[in-house]
């Protein structure tokens, strides 16, 4: 099974980045209970006050897909909608290995 | 001290992505010995056969800066140079927390 990764850019409505970050950090607590979610890290851009990057690694595409219909995801989407100015996708990509994640076969 | 993160895009010369990935994976073995390097993950794009994304989290900007003069980094740069078509920066950013990384204060 091939891992599934994303590193999407979330642009908050001006002045709402911290609120958006809190929502994502809150959602990440639920992800901690999900084995298929290997990494879910919220990052705030240093050069843009409205931007967050969320780096995610899932055990498979299907696991990620299934998570979108979970209550925590639906709640996050609902709460984030009014303070979200846009989302820009980077990925999907296949995490191959390195530090902080076990190596997988080179599925490039 | 504020964490320091990057998610740069490495474009390999056509047909050389696997070789570039191997070089980065090799370098990541050295990063495993470095406490200040918290995460160093190599990801291969699913929609572009020449692209890798490297997601990095360091304990500080200074720790990352110091790593660039390490022998492993110099060797990586030398070996990668002939098969690297370009590098596009995303970041620096501040990892705030989530799954796979301890939360830090919200330094946005």
Condition check for residue A:25: crowded, with 22+ Cβ neighbours inside 10 Å and in a helix (DSSP H, G or I)
no
The condition from (1) touching a strand residue (DSSP E or B) at 6+ places or on another chain (Cβ under 7 Å); (2) surrounded by fewer than 22 Cβ atoms within 10 Å (Cβ to Cβ); (3) at positive phi that residue A:15 misses is numbered (1)
Taking only the range B:29-65 into account, find how many residues are more than 21 Å from residue A:45 (Cα to Cα), modelled with pLDDT of 95 or more and surrounded by fewer than 17 Cβ atoms within 10 Å (Cβ to Cβ).
3
So how many residues does the range B:66-83 have that are touching a helix residue (DSSP H, G or I) at 6+ places or on another chain (Cβ under 7 Å) and either exposed (fewer than 12 other Cβ atoms within 10 Å of the Cβ) or closer than 17 Å to residue B:22 by Cβ (or both)?
6
In the range B:5-38, how many residues are under 17 Å from residue B:87 (Cβ atoms), in contact (Cβ under 8 Å) with a residue 24 or more places away in the chain and either more than 7 Å from chain A (Cβ to nearest Cβ) or within 13 Å of the chain's Cα centre (by Cα) (or both)?
17
Looking at the range B:94-108, can you tell me whether even one residue there is out of contact with any helix residue (DSSP H, G or I) (no Cβ under 7 Å at 6 or more places or on another chain) and farther than 21 Å from residue A:46 by Cβ?
no
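The values are calculated or read from the model by the stated rules, or taken from the named source; none is laboratory data. As the structure is a computational prediction, the values presented were derived from the model and not from experiment. Because the Cβ atoms are built from the backbone with ideal geometry, glycine has one as well, and the counts that use them run over all protein chains shown.
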